[in-house]
Amino acid sequence: MMKALASICALAVLAAAPASAGLLGKKKDPLADPAYQVTYADEIGRSRAAVPNGAIFQSANGYAPLISGGRAASVGDIITILLVERTDASKSTSANTDRSGSAGIVPPTTGLFSKLFSPSDVSASAAQGFKGKGDSAQSNALSGELTVTVSKVLANGTLMVRGQKALTLNRGDEFVQISGIVRPADISPDNRVLSTRVADARITYTGRGDIQRASKPGWLSSFFSVISPF
């Protein structure tokens, strides 16, 4: 008994090691992910002083056609993504089978064998049935706004955008990150675009803090849920 208890304690300590390391070690900063880092216009030299070349029009200072107005079109420009994500899914399945059978032999009524058998000895019946049913439903919704920057202009004119937002609330932090590809035609005059119009969209909504930790089971509960055979 003592050996079994010691073995369980040892396994519990091993399972707790990663959790303890995460609590005591340095936490990873969600805002450090390069996939969502902001892109500044300085990185492509738009803020550099124009080199005097005798021309009145200097394209190095940035150029946008008159018909585009103030829409984002260059690296470093700002676009506001309207988060209007909503998904609903449901699935239902059922099955029902039934099978039965019977067999019987009429025993002899005269002679020596008539005394050896009874009707119950020479009759048989069987029945089999199965019934199953399953239902699944899931619903998700995300709304809000997130302002991002243009990180790259592709050859066909579409814009790669990425950005993130950090909110420090009472007893916790909230992080919203998004990246994807936007068509210039989908951008409104005030530089807004729906998240449903973002191609290859990657939207991440995470948090950390006391409330986030309270919503997760402890390391001991996680350990026993893994080894439980039920």
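Just so it is clear, none of the values below were taken in a lab; they were calculated from the coordinates. Note that this is a predicted model, so its numbers are computed, not measured. As a convention, Cβ positions derive from the backbone with ideal geometry for all residues, glycine included, and neighbour counts pool all protein chains shown.
Before moving on, here are some points about what is shown:
- Net charge, Ile79 excluded, C-beta distance under 15 Å - Lys, Arg +1, Asp, Glu -1: +3
- Label-to-label distance, Ser188 versus Lys131, with points set 7 angstrom from Cα along the beta-carbon direction: 5.4 nm.
- Taking each of Lys28/Lys165; Lys131/Lys216; Lys165/Lys216 in turn, the alpha-carbon distance tops 28 angstrom for Lys131/Lys216.
- Packing order of peptides 96-102, 175-181, 155-161, highest average first: 175-181, 155-161, 96-102 (average count of other Cβ atoms within 10 Å over each peptide's residues).
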